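The values are calculated or read from the model by the stated rules, or taken from the named source; none is laboratory data. This is a predicted model, so every value here is computed, not measured. Heads up, the Cβs are rebuilt from the backbone with ideal geometry, glycines too, and the neighbour counts pull from every protein chain shown.
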Amino acid sequence: MENQEIRRTDRRLVRKGVICDYYEDTVVYADGQTAKWDYIHFWGAAGVVAVRPDGKLLFVRQHRACVDRDSLELPAGGRSNPEELFEETAARELREETGYEADHLTYLSTVYTAPAYTNDRMALYLATDLRGPYEQHFDTGEYLHLEAYSLEETLRMVREGEIWCATTVCGILLAQPHLMQL
């Protein structure tokens, strides 16, 4: 259902970025008042809950400058272009960041990261029947440390706030019913 009380009348590119573009939207409310809203455009990303043959889940630990701390996250990354299929992104990021390939990628869901100011969305997949590890291939400036944990350890880390990345938490919780059957 469309919201008839608010409509966008203009979108102006403020800055073209490396991984996203920043816009300023002009919106008009039903009473005629106008406001400026920020909008960040992103091509979308894919994240992978990867299960090794020993049952452990793969994560990457990396520094996140925006929050000035390290984060334990699912292997994930942005699409190379707007036409790249999310499943292709998931397979590529799994191989690049962990060195593993999956015989089976199961779609879990797509989550929007912060719909108040961005269209950024992440498609989440479960990767099983892994082959590898092969050599990892990090993007320029990407420094990752591969870690593996059991489902029980992972759920404890979510509860205790050690895993705090929203898309990672979503991926784990969406995959949990599948993981309980493995």
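Summary of computed values
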| quantity | calculated |
| --- | --- |
| Meets criteria (surrounded by 10 or more Cβ atoms within 10 Å (Cβ to Cβ), over 15 Å from the mean Cα position of the chain (by Cα) and modelled with pLDDT of 95 or more) for residue 13 | yes |
| Qualifying residue in the range 117-132 (condition: within 18 Å of residue 60 (Cα to Cα), touching a residue at least 60 places away in the same chain (Cβ under 8 Å) and not aliphatic (A, V, I, L, M)) | yes |
| Considering residues of the range 65-105 that are among the small types (Gly, Ala, Ser) and more than 16 Å from the chain's Cα centre (by Cα) only, the residue farthest from residue 20 (Cα to Cα) | 102 |
| Residues of the range 105-135 satisfying the condition of being of a type in the set (A, V, I, L, M) and more than 22 Å from residue 27 (Cα to Cα) | 105, 108, 111, 122, 123, 124, 126, 127, 130 |
| Any hit, the range 24-33, residues being outside the structural domain of residue 83 (by TED's automatic domain parsing), of a type in the set (Gly, Ala, Ser), over 25 Å from residue 86 (Cβ atoms) and part of a strand (DSSP E or B) | no |
| Checking residue 20 against (1) within 16 Å of residue 139 (Cβ to Cβ); (2) over 17 Å from the mean Cα position of the chain (by Cα); (3) not assigned by TED's automatic domain parsing to the domain that holds residue 145, the condition it does not meet | (2) |
| Qualifying residue in the range 148-170 (condition: touching a Lys or Arg at 6+ places or on another chain (Cβ under 8 Å) and hydrophobic (A, V, I, L, M, F, W, C)) | yes |
| Tally, over the range 34-60, of residues that are touching a residue at least 60 places away in the same chain (Cβ under 8 Å) and assigned to a strand (DSSP E or B) | 16 |
| One residue from 101, 93, 160, 135 being at pLDDT below 95 and of a type in the set (Asp, Glu) | 135 |
| Positions within the range 16-39 being small (Gly, Ala, Ser) and either closer than 30 Å to residue 77 by Cα or surrounded by 13 or more Cβ atoms within 10 Å (Cβ to Cβ) (or both), in sequence order | 17 |
| Only listed residue being among the charged types (D, E, K, R) and at pLDDT below 95, chosen from 25, 31, 54, 38 | 31 |
| Criterion (loosely packed, with under 14 Cβ neighbours inside 10 Å, among the charged types (D, E, K, R) and more than 18 Å from residue 50 (Cα to Cα)) met by exactly one of 160, 135, 84 | 160 |
| Among the residues listed as 155, 130, 124, 146, the single one being of a type outside the set (S, T, N, Q), more than 19 Å from the chain's Cα centre (by Cα) and surrounded by 13 or more Cβ atoms within 10 Å (Cβ to Cβ) | 130 |
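Per-residue answers, yes or no, for (1) of a type in the set (Lys, Arg); (2) under 20 Å from residue 179 (Cα atoms):
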position: 82; (1), (2): no, no
position: 102; (1), (2): no, yes
position: 121; (1), (2): yes, no
position: 124; (1), (2): no, yes
position: 127; (1), (2): no, yes
